[in-house]
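No lab work stands behind these numbers, since they all come straight from the coordinates. Being a predicted model, the structure only gives us computed values, none of them experimental. Glycine also receives a Cβ, built like all others from the backbone with ideal geometry; neighbour counts cover every protein chain displayed.
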Amino acid sequence: MLAAGRDGALLRMSLALAYHRREDPQTALAHVEKALAFDPDFTAAGRLHGLIALALGDNATAEKAFAKALDVAQRRGELQLVKELTVRLRRLRPAAPR
């Protein structure tokens, strides 16, 4: 599809997910970034961006990706994704001292 010039967010997200599953995070990252360039509010791509960043050991980028996806998911009422991203962010952020 890419060779035919039919590029888009969903295609790039699909490619990113496939490469992520094949444990090729660098290629997956390139595709998920393209997906987000097409549609910055693509919450599933934002979530995947965070997962790929975690696989690469980049917790700061993962936190930013999850936070952005959480913001969009909250606006759209994507409740299951809100729950998941809230948990992921809680695990990434250090606990505040009491």
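What the table below lists for this structure:
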{"quantity": "Answer label for P(r) over Cα pairs in 10 Å bins from 0, in percent (calculated), chosen among (1) 11, 17, 12, 14, 14, 21, 10; (2) 18, 45, 29, 7, 1, 0; (3) 10, 17, 12, 12, 12, 19, 17", "calculated": "(2)"}
{"quantity": "Residue among GLU63, GLU33, GLU78 with the largest mean-square fluctuation in a Gaussian network model of the chain, springs linking Cα atoms under 10 Å", "calculated": "GLU78"}
{"quantity": "0 to 90° range, to nearest 10: angle between helix 59-76 axis and the chain longest Cα axis", "calculated": "90 degrees"}
{"quantity": "Folded to 0 to 90 degrees: helix 9-21 orientation relative to the chain principal axis, Cα", "calculated": "70 degrees"}
{"quantity": "Degrees between helix 79-92 axis and first principal axis of the chain (Cα, 0 to 90, nearest 10)", "calculated": "70 degrees"}
{"quantity": "Mean separation of Cα contacts under 8 Å (6+ apart) over length of the chain, as relative contact order %", "calculated": "19 percent"}
{"quantity": "Reachable lysines, given that their alpha-carbon falls under 20 Å from the alpha-carbon of LYS34 and they are not under 8 places away in the same chain", "calculated": "LYS64, LYS68"}
{"quantity": "Only Lys, Arg (+1) and Asp, Glu (-1) charged, at Cβ; the range 9-92 dipole about Cα centre in debye", "calculated": "200 debye"}
{"quantity": "Cleavage-rule hits (trypsin sites (Lys or Arg not before Pro)) in the range 1-93: DSSP loop, at most 16 neighbouring Cβ within 10 angstrom", "calculated": "ARG6, ARG22"}
{"quantity": "The range 56-98 and the range 1-40: distance between their alpha carbon centers, rounded to Å", "calculated": "21 Å"}
